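The values are calculated or read from the model by the stated rules, or taken from the named source; none is laboratory data. Being a predicted model, the structure only gives us computed values, none of them experimental. Positions of Cβ are generated from backbone atoms using ideal geometry, with glycine treated the same way; all protein chains shown enter the neighbour counts. With ligands, DNA and RNA removed, areas are computed over all heavy atoms of the protein, side chains included. Shrake-Rupley method; radii C 1.70, N 1.55, O 1.52, S 1.80 Å.
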Amino acid sequence: MFEIRIHGRGGQGVVTAAEVLSVAAFDEGMHAQAFPSFGSERMGAPVISYCRIDDKEIRLREPILEPDALIIQDPTLLHSVDVFSGLKRDGYILINSSRTFEELGIADFVANLPDRQVVDIGATEIAVKHIGRPVPNAALLGGLAAITGRLQLESVEKAIGEKFPPALAKANIAAAREAYELAKAAVGEPVNA
C-alpha cells in the first residue's frame, strides 16, 4: 500500500487533490481511497487530506500516520504544524515553494532523506500562469507522479479531466504537465517531451 498525506489550507484544493489522486489510481486498475480531515472549516484554515493506493482492496479507514509521501501545498505550515510527523525514512516530500530548503528552514530535516525524493516546485506560480488562480493542487499532482513513479502522468491528466469542466481541466492539465517536467528535472531524470 502507498499512502499519501496532503497538507494545505482551506481553498487550496487539498481535498480535491486526494480525490483526483484516487481517481487516477482507479483508472490504472488499482484500489484507492481518499478522505479529508478538517479542523475549522473556513478559508485559510489548515486542512489535511489522505489518499491510499493499493493493488488489493483497502479496508483501513483511519488517518494516515506514517505516510509514504507528503504533499505540502502551503509552506507556511512547515513551522506551525508537524507536517513531517510519521514520514517513512524513505518517504517522498513535495513542497509548493520556489525557495530553497535552507530558506524554508528544513535543510537539516531533508538532509536525512534520499536526495531524489525531496522536491520543491513553485506550484502556486505555475497555477497562476495556467489557471489564473493560486490553486496549486493539480500542479503538485503532476510533480508527485514524477518523483514517485506510482502513477502515470496520463492517469493524473485523465482524472483532472473527469473532475473539472473542459476549460478548467485543460488549464489544470497544463499546470500538472509543467510541474511534472520540473520535478523530473529536479530529480535528474530525463523528461520525455
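Structure above, values below:
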| quantity | calculated |
| --- | --- |
| Cβ-placed point charges (K, R +1; D, E -1), dipole of the chain about Cα centre in debye, nearest 20 | 420 |
| Listed residues LEU87, ALA17, PRO166: farthest to the positive end of the dipole of the chain (Cβ charges) | PRO166 |
| Cα coordinate range in the stretch 22-93, projected on the principal axes (Å, largest first) | 36, 30, 20 |
| For the chain, accessible area per residue (1.4 Å probe, heavy atoms of protein chains only), Å² | 48 |
| Test item: Cα-centred dipole of the stretch 135-190, Lys/Arg +1 and Asp/Glu -1 on Cβ, debye | 100 |
| Computed over the chain: relative contact order in percent, which uses C-alpha pairs under 8 Å that are six or more apart | 21 |
| Cα gyration tensor shape of the stretch 11-155, rounded if a/c is under 1.5, else prolate or oblate by comparing a/b with b/c | rounded |
| Cα centroid separation - the stretch 137-172 against the stretch 12-26, whole Å | 9 |
| Whole-Hz couplings from phi, Karplus 6.51/-1.76/1.60, listed for the stretch 155-164; x for Gly and Pro | 5, 5, 4, 4, 5, 4, x, 7, 8, 10 |
| Total lysine pairs under 28 Å (Cα atoms) in the stretch 51-193, excluding pairs fewer than 8 apart on one chain | 12 |
